[in-house]
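The values are calculated or read from the model by the stated rules, or taken from the named source; none is laboratory data. These numbers come from a predicted model, not from an experiment. Reconstructed Cβ throughout: ideal geometry from the backbone, glycine too, with neighbour counts over all protein chains shown. For the accessible areas, the whole protein counts, side chains as well, though only heavy atoms, and no ligand, DNA or RNA atoms are used. Shrake-Rupley method; radii C 1.70, N 1.55, O 1.52, S 1.80 Å.
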Amino acid sequence: MRAIVAKRVDRGDADLDEITDLARAAGHEVVGELTQTREEDAAYGFGEGKVEELAALAAERDAGAVIVDNRLGPYQTYNIGSKLPDGAEVVDRFTLILDIFGQRAQTRTAQLQVELAELRYELPRAEAKTSLAKRDERPGFMGLGEYDESRERDIKNQIADIKRELEGLAEKEEARREQRRESGFDLVALAGYTNAGKSTLMRRLAEDLDVTENEDRHPDLDTTAESEDRLFTTLGTTTRRADTGRRDVLLTDTVGFVSDLPHWLVESFESTLGSVYHADLVLLVVDASEPVEEMREKLVTCHDTLYERNEAPIVTVLNKVDRVDDEEFAEKREALSALAPNPVAVSGLTGERVDDLRDRIEAELPDWQFERLVLPMGDDTMSLVSWVHDHANVEAEEYEGEQMVLEFEAPPSVVERARAKAGNLTAVESV
């Protein structure tokens, strides 16, 4: 669909790059743009004269949509729509994002989260349509959609149903995370702004490993997201085993953040973001080739999204250093030191300094626990030794007559399971 993009800012110059990228990601052809610097108008968002200009531009360019890079209230949407040519719709920033999410949702969880976000967005508009209908406004509601008296009640019921289903899926995902930890895996999540290169970096970290390796230990692993230069390539979560050294790491790629998201939209994707909130370590990926002010804004967006709920340490990864010379990179690193202390610089595309990132992952993950087991010789003992080799880092394995000594390091959950298995062996031996 042909579309005009528009944005109002309180001060300074309005940047239309992101909304243009979002519009194209949704399948629109951007045929015009309009900006305004002024305080928000309660009736239109823009000034009324600027809305008239917007309507004339839409008519001139035969645009079927006006995409506004602002948060519009229901009545502002209605008022702008009333000025546009017949058939032209008003699409604000969040309607556009939800449209993209809807196109990319593949898993049941992703589809439910999109539907929940859409319903939460629609609810105040349904309430506005009720109000307009009571004032005997004409049908159509200029971008708000047709009026249905029962719609508001239906939306609330649907929201409740979806939240219950998502809670059930979240419980299953939490059980899966705990099963992975009990199997000896550390959980590392990739987070960051959309198009920061998370999927490319994930492929680099996992490139030498087959996703089916140790399939019995994590049978639900997915193939990684394709690395594409477009927004929201990854909407759900993608998990692969990553090679970082001596530890078994499962790396999860998640939906990219985007600036100025309302609380209800972030909350709707809580199930997907749970992979970040409950990880053992978060890699916050930032595109180092962007202007430093954009990098700062995006770091603030990411920290705001992670703040309060995130449980894990965060390591900032400055990606795409192949596009930045050393002097420029040093200046950016210094400018962002308060938001990104001690970052790791890499290029997911070329592999530059990725080994440094692997070392940092190993260093930042929770400490492992040392254990020394003295075990009776026997077939069951050999089975336990094999299990420990699969789930831990074995440092010593010594045989002394009818006993063997096994020394290893592992996550506390694996050490506990090894002790329990060893206790069963000893109990059987004593009988």
Q.
If I ask for residues that are farther than 16 Å from VAL286 by Cα, open to solvent by 30 Å² or more (accessible area, probe 1.4 Å) and touching a Leu at 6+ places or on another chain (Cβ under 6 Å), which ones from region 331-368 would you list?
A. GLU364
Q: Answer with yes or no whether VAL374 is modelled with pLDDT of 85 or more, in contact with a strand residue (DSSP E or B) (Cβ under 8 Å, 6 or more places away or on another chain) and surrounded by 17 or more Cβ atoms within 10 Å (Cβ to Cβ).
A: no
Q. Which one of these is within 15 Å of the chain's Cα centre (by Cα), at pLDDT 80 or above and not aromatic (Phe, Trp, Tyr): LYS198, LYS163, LYS172?
A. LYS198
Q. What is the residue count in region 295-328 for residues that are modelled with pLDDT of 90 or more and open to solvent by 60 Å² or more (accessible area, probe 1.4 Å)?
A. 8
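Residue by residue through region 134-159, note down the ones that are assigned to a helix (DSSP H, G or I) and either at pLDDT below 65 or open to solvent by 30 Å² or more (accessible area, probe 1.4 Å) (or both).
Across region 134-159, the qualifying residues are LYS134, PHE141, MET142, GLY143, ARG151, GLU152, ARG153, ASP154, LYS156, ASN157, GLN158.
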Q: For residues that are touching a Gly at 6+ places or on another chain (Cβ under 8 Å) and either assigned to a helix (DSSP H, G or I) or closer than 21 Å to SER259 by Cα (or both), tally how many sit in region 74-90.
A: 6
Q. Which of the residues belonging to region 10-20 are on the phi < 0 side of the Ramachandran plot and either over 27 Å from the mean Cα position of the chain (by Cα) or surrounded by fewer than 16 Cβ atoms within 10 Å (Cβ to Cβ) (or both)?
A. ASP10, ARG11, ASP13, ASP15, ASP17
Q. So how many residues does region 312-330 have that are closer than 15 Å to VAL286 by Cβ and in contact with a helix residue (DSSP H, G or I) (Cβ under 8 Å, 6 or more places away or on another chain)?
A. 9
Q: State yes or no: is PRO412 surrounded by 17 or more Cβ atoms within 10 Å (Cβ to Cβ) and touching a strand residue (DSSP E or B) at 6+ places or on another chain (Cβ under 7 Å)?
A: no
Q) How many residues does region 372-431 hold that are under 41 Å from the mean Cα position of the chain (by Cα) and hydroxyl-bearing (Ser, Thr, Tyr)? A) 3
Q) Of all residues in region 56-84, which are buried (at least 19 other Cβ atoms within 10 Å of the Cβ) and hydrophobic (A, V, I, L, M, F, W, C)? A) ALA58, ALA63, ALA65, VAL66, ILE67, VAL68, LEU72, ILE80, LEU84
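Across region 168-182, which residue is most open to solvent (accessible area, probe 1.4 Å) among those that are touching a helix residue (DSSP H, G or I) at 6+ places or on another chain (Cβ under 6 Å) and within 22 Å of GLU416 (Cβ to Cβ)?
GLU182
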